[in-house]
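Participant: Can you keep this structure in mind? I'll have questions shortly.
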Amino acid sequence: MKIKKVMNHIVQWLDTYLEKSGLTGFVIGVSGGIDSAVTSTLCAKTGKSVLALNMPIYQAKDQVSLASAHIKWLKKKFDTVTGIDLELSPVFDQIKKSLPDHIQDGMTMANTRARLRMLTLYAFASNHKMLVAGTGNKVEDFGVGFYTKYGDGGVDLSPIADLTKTQVYALGKDLGIIEDILTTAPTDGLWEDNRTDESQIGATYAELEWAMQYQASPQKESLSERQEKILAIYEKFHTTNKHKMDPIPVCRIPEDFKE
């Protein structure tokens, strides 16, 4: 990958899109992970205003500290960046109190956290007339659909959605993202036990990238037992989460029915 060309292309794309929108800058949630670190840095490189939000909800301390460290690093490099810390745990508690106990299973409440963060990002975006920048990469957004519908999937634009996780890491290294973020295991930060993405999916991002490429390739090679398992995992997630990746279905009414 031609890192500098890719980086400059994304920054120019962000700048052009923002200019056409007539808005003033970007709002982004910073999680302490590589995707949000790279995306927020690319947004900042446009020279436009960036609001970087750290929004813990009963978050593991290391995730909160990594997000804070990145925002501090970002503010030091770019004077157009404003960091905001918002403790959303009390708001999440109020939501839990309002919902019946029987619907508060683990996955439902994990997704509720993501949707609460989306609501918060858009509150700031609306008030400051900014765009919400998404942080999903290609494997998450178009491979396995590993994101929350109308949560971290609810954004205005997706700067790194055509890059694999491996490519995002390569950009991160070139951008000088702090080492702890580059070496920490990816996690969605939606569970109190701090479970990793790999433990939830059952495969690494490198393995999922292989599966995505394999599916798109016309030539099929013989597979090892592990590769067959990875492919099955990929296909299961891709099929189950297709509703996130496809446009919302519209029931088209025949024109003569409307007369």
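The values are calculated or read from the model by the stated rules, or taken from the named source; none is laboratory data. Since the structure is predicted, the reported quantities are computational estimates derived from the model, not experimental observations. Positions of Cβ are generated from backbone atoms using ideal geometry, with glycine treated the same way; all protein chains shown enter the neighbour counts.
Participant: Residue by residue through segment 27-65, note down the ones that are farther than 15 Å from T120 by Cβ, at pLDDT 95 or above and outside any loop (DSSP other than H, G, I, E, B).
Facilitator: I34, D35, A37, V38, T39, S40, T41, L42, C43, A44, S49, V50
Participant: Can you tell me which of (1) closer than 15 Å to W191 by Cβ; (2) not in a helix (DSSP H, G or I) is the one R117 doesn't meet?
Facilitator: (2) is the only condition that R117 fails.
Participant: List the pairs whose first member sits in segment 104-125 and is farther than 12 Å from G151 by Cα, whose second member is at pLDDT below 95, and whose Cβ atoms are under 8 Å apart, counting only residues at least 6 apart or on separate chains?
Facilitator: G106/W191
Participant: Can you work out which of the residues in segment 1-26 that are part of a helix (DSSP H, G or I) and under 17 Å from the mean Cα position of the chain (by Cα) is nearest to D180 (Cα to Cα)? Before the answer, list the steps.
Facilitator: Of the residues in segment 1-26, the ones part of a helix (DSSP H, G or I) are 3-21.
After this cut, where a residue has to be under 17 Å from the mean Cα position of the chain (by Cα) as well, the list is 10, 14.
Details: I10: 24, L14: 27 Å.
This residue is I10.
Participant: Does any residue of segment 42-51 turn out to be out of contact with any Gly (no Cβ under 6 Å at 6 or more places or on another chain), on the phi > 0 side of the Ramachandran plot and surrounded by 23 or more Cβ atoms within 10 Å (Cβ to Cβ)?
Facilitator: No: segment 42-51 contains no residue that is out of contact with any Gly (no Cβ under 6 Å at 6 or more places or on another chain), on the phi > 0 side of the Ramachandran plot and surrounded by 23 or more Cβ atoms within 10 Å (Cβ to Cβ).
Participant: All but one of (1) in contact (Cβ under 8 Å) with a residue 40 or more places away in the chain; (2) crowded, with 18+ Cβ neighbours inside 10 Å hold for E207; which doesn't?
Facilitator: (1)
Participant: Can you report the number of residues in segment 148-185 which are crowded, with 22+ Cβ neighbours inside 10 Å and either at pLDDT below 95 or touching a strand residue (DSSP E or B) at 6+ places or on another chain (Cβ under 8 Å) (or both)?
Facilitator: Residues in segment 148-185 being crowded, with 22+ Cβ neighbours inside 10 Å and either at pLDDT below 95 or touching a strand residue (DSSP E or B) at 6+ places or on another chain (Cβ under 8 Å) (or both): 3 in total.
Participant: Scan segment 120-139 residue by residue and report those that are buried (at least 17 other Cβ atoms within 10 Å of the Cβ) and not in a helix (DSSP H, G or I).
Facilitator: M130, L131, V132, A133, G134, T135, G136, N137
Participant: Here's a follow-up. Sort through S89, S21 and tell me the only one that's surrounded by fewer than 17 Cβ atoms within 10 Å (Cβ to Cβ), in contact with a Phe, Trp or Tyr (Cβ under 8 Å, 6 or more places away or on another chain) and at pLDDT 95 or above. So that I can check it myself, show each step before the final result.
Facilitator: Details: S21 fails: in contact with a Phe, Trp or Tyr (Cβ under 8 Å, 6 or more places away or on another chain).
Of the residues listed, the single one that is surrounded by fewer than 17 Cβ atoms within 10 Å (Cβ to Cβ), in contact with a Phe, Trp or Tyr (Cβ under 8 Å, 6 or more places away or on another chain) and at pLDDT 95 or above is S89.
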